[in-house]
Amino acid sequence: MANIVVLVKYVPDATGDRTFTSDNTVDRVGVDGLLSELDEYAVEEALKVVEAGDGEVTVLTVGPEQAADAVRKALQIGAHKGVHVLDDAIAGSDAAATSLVLAKAIEKIADYDIVMTGLASTDGAMSVVPAMLAERLGLPQLTFASELTIEGDTIRIRRDGDAATETIEASGKMVVSVTDQINEPRYPSFKGIMAAKKKPVETWSIADLGIEASQVGTAAAWTKVLSFEPRPPRTAGEIVTDEGDGGTKLAEYLASKKFV
Amino acid sequence: MGRSLTMSRRDIDFCLYEWLDVTSLLDRPRFAEHGRETLDAVLELSETLAVEHFAPLNRDADTHEPYVGDDGRVVTLPALAKALQAYSESGLPSSTFDEGVGGMQLPFTVHQAATSFFQAASIGAFAYPFLAQGNANLVAAHGTPEQVETYARPIVEGRWYGTMCLSEPQAGSSLSDITTRAEPQDDGTWRLTGTKMWISGGDHELSENIVHLVLARTPGAPAGVKGVSLFIVPKVLVEDDGSLGGRNDVSLVGLNHKMGYRATTNTLLNFGEGAHQPGGRAGAVGHLVGEENRGLTYMFHMMNEARVSVGAGAMALGYTGFLHSLAYAEERTQGRPVGDKDPAAPPVPLTRHADVRRMLLAQKSYVEGGLGLILYCARLVDEEQTATSDDDRRRAHALLELLTPIAKSWPSQWCVTANDLAIQVLGGAGYTRDFPVEQLYRDNRLNPIHEGTHGIQALDLLGRKVLGDGGRGLGELLAVVRATVARAEEVGGETAAHGIALAAAVERLERTTQHVAAAAADDAELALANATPYLEATGHLVVAWVWLEQVLAAAGKEGAFYDGKRAAARYFYAFEVPSIITRLDLVASLDRTTLDLDPGVL
């Protein structure tokens, strides 16, 4: 028996035009968005776990109204129910405040064994929320799982690093984050799309979670984006003319860029 | 998903929701389980599967066409089986079928839009489920409950594929000349003997069974099309409990090697030659569908949807070609504008040149006009099936009957022209296999040929649908067009000017039709001799109407998308609409050039 809460995020479509709002936070309202691709691996892994035993998958998101799309997509893929924390006060929250909202929502969900997340969000890409969440909930964390096995109430994961592969395990309630190597996420099916219409989705405000407006949002953020600018357009390459010393010039160029 | 070169989801959404008001269908009992979110999810799922599974195999399937292995089995690309499996697992094969056979009762309009992603991504790969759906549709409509359960349900579930076996080596367009025979057996089955040609999906190893729907003659059947019956002939025999038995006496003679559409096997099949011997003797075991001698009636019952879907395929190939050539023209720089010949100035993108813009606008007007035409006709299929009053249903039926030959032939002609222009925009690059546009052109060149050739569509429109029904269907169409013209007049400006041009074409079509009808009373052959220019004039008129409708749907809306709609409509009215009149001039003159020709002088 494993009830799993999967955290999902509604992110701007990376193939569309992405913009920022006037306070230098990501514009999440005026752009096309979708369920963060990296979260699909978490949804898939959670479904595999409950399909192998039993239990239910609850997807949890924090975000503006359109973020309901991410919940709906996860329900179409196969999750059983959804929770959407929706509150204007949350806009502009940093990772710390986001983890507070998530932790309170997970405590309110109460009936869970595993909190599962993706590797990172595809917009913020910080990868810190799982750790912050584990700290707030007082749970062990198994992060960056590229393989996951369950025995009883123990979960063992494989974490692939640059120089080594670790095998780690934990028992009882825990936070698990998974990488994009762990599985191949399924697509929604037509039946799943129809079934999702009837699945329960609850919408909570921060007041429902006992959080004050002053604890979240831009004002409560520990960090602030001061400025941003688009990456400069690619410039034309440098052409080395071979006047008998082409090889030397090439080597000098590579050395100057620390390639050799 | 962001901007895709497969189809434009933005344009599809515009047609479905801003123009055709598809959500209003959801109030009807048949579609009550659906909501905007299920329609959107089906479109999104279709685009994802098409882009991730079908588009990547399209070139490989073209360069590695299917072949017959040493063991006599057809060999296809592994990626093809994987893409088709993903499509089957999605449940999309069940989209439009009734709940009773495991279907999802999706509006046909949305199904057609969703399907266009697959047709654009790899029309050859998608042909297997496409043909199977038409097959199961026919069995579901005319088969016995047992036949539906045994042969249609596995297709609805995405497990089997199916074919339509009409043509024979000596009888293509002329089905009255088919010679395949069916002999009744004591156990109620039939045994078939004969040869079928051009059978797409006729053999492969992509599914555990293939359901052939075969036209054949029974003993003593009347000559001609009134003596043709329809049979279910499975490749593998099905036991009473639904499990698979031995091979039926259907054998692959060979594969045809085609110009395009190569992911789809195209076969010459022998029925009853004795290669396999069910029950110890030669003869392909078949099951009669409905009554004897009514085979063509059943076949044509499903023909409207099938022909609209063929037109949709032509449109989708044109559409993706347009998007590819547009992306190229935006990136590729070449030359300088007229009047700025400074060789030191940087070259400009192709889109800066007026003639390239002409080619892009022409494509845009053909493919977006084609999408509008197809989705409007698909909407009529839904309307015919679910209209709330008998009058509405009859009206939808009359319009659909009239528009079907246009929905099939117009995209098959003008979206092939669009592919031709896409190659031209790319220039030399477009003529190489390094870019997809040459394949799109080759793939699309099939569409004016199969499911009733261009010429057959012309005879169908003028002979059967216009002259044959006393002008009722045409009257409905002209009333619809005139209502749009009246709305355009209220808007004024350029929209009203389009309306005036369209009204003149309508007037001319009406008079020409009356003239041809009068001539037909004396000389049917003369009246039908110029059926093709009649079809092409009417097709252009209908698409001009689509454009006026879309301009009205975009009225008062700002932004590049809506400006693009107005620009393409402007192009169509300036460059294309005048040709309606010149074509009708020819038709009205009852020109005898082709009729009087001595073929010896050719």
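Things worth noting here:
- Lysine-lysine proximity count for chain B, Cα under 16 Å, sequence distance 8 or more or distinct chains: 4
- Taking every alpha-carbon pair under 8 Å whose residues sit at least 6 apart, chain B reaches a relative contact order of 12 percent.
- Partner lysines for A:K258 [C-alpha distance under 26 Å; skip if fewer than 8 residues away on the same chain]: A:K249
- The heavy atoms of B:R357 offer some 120 square angstrom of accessible surface to a 1.4 angstrom probe.
- Here the Kirkwood formula, the inverse mean of 1/r across different C-alpha pairs, assigns the range B:162-291 a hydrodynamic radius of 14.9 Å.
- Reducing the range B:514-578 and the range B:412-482 to their Cα centroids gives an inter-centroid distance of 13 Å.
- With every protein chain in place, chain B: carbon and sulfur % of accessible area (1.4 Å): 52 percent
- Divided by 2.2 N^0.38 Å, where N counts the residues, the Cα radius of gyration of chain B comes to 0.98.
- Chains B and A together, accessible area buried on both sides, 1.4 angstrom probe, square angstrom: 1500 Å²
- Helix-only mean residue ellipticity at 222 nm for chain B, each DSSP H run of n ≥ 4 adding -39500 (n - 2.57), per residue, nearest 500: -16500 deg cm²/dmol
- In a DSSP loop and with at most 16 other Cβ atoms within 10 Å, the trypsin sites (Lys or Arg not before Pro) in the range B:224-293 are B:R281.
- Taking the empirical scaling 2.2 N^0.38 Å for compact globular proteins as reference, the protein assembly as shown has a Cα radius of gyration ratio of 1.07.
- Of all lysines in the structure, the ones whose alpha carbon falls short of 20 Å from that of A:K108, not counting any fewer than 8 places away in one chain, are A:K9, A:K81, A:K173, A:K199.
- Extending 7 Å from Cα along the Cβ direction at B:D522 and again at B:S579 yields two label points whose distance is 3.2 nm.
- The distance from the alpha carbon centre of the range B:276-344 to that of the range A:68-110 is 44 Å, rounded to a whole number.
- On the range A:4-220, 47 percent of the accessible area sits on carbon and sulfur atoms, based on a 1.4 Å probe.
- Charge dipole magnitude, Cβ of K and R +1, D and E -1 - the protein assembly as shown, Cα centre, debye nearest 20: 1320 debye
- Low-density loop cleavage sites - GluC sites (Glu not before Pro) in the range B:1-94, where at most 15 other Cβ are within 10 Å (DSSP): B:E33
- Longest exposed-site-free window of chain A, the sites being chymotrypsin sites (Phe, Trp or Tyr not before Pro) in a DSSP loop that have at most 14 other C-beta atoms within 10 Å: A:1-221
The values are calculated or read from the model by the stated rules, or taken from the named source; none is laboratory data. Model, not experiment: these values are computed from the prediction. With ideal geometry, Cβ positions are generated from the backbone for all residues, glycine too; neighbour counts draw on all protein chains shown. Note: areas computed on protein heavy atoms with side chains; ligands, DNA, RNA excluded. Shrake-Rupley method; radii C 1.70, N 1.55, O 1.52, S 1.80 Å.
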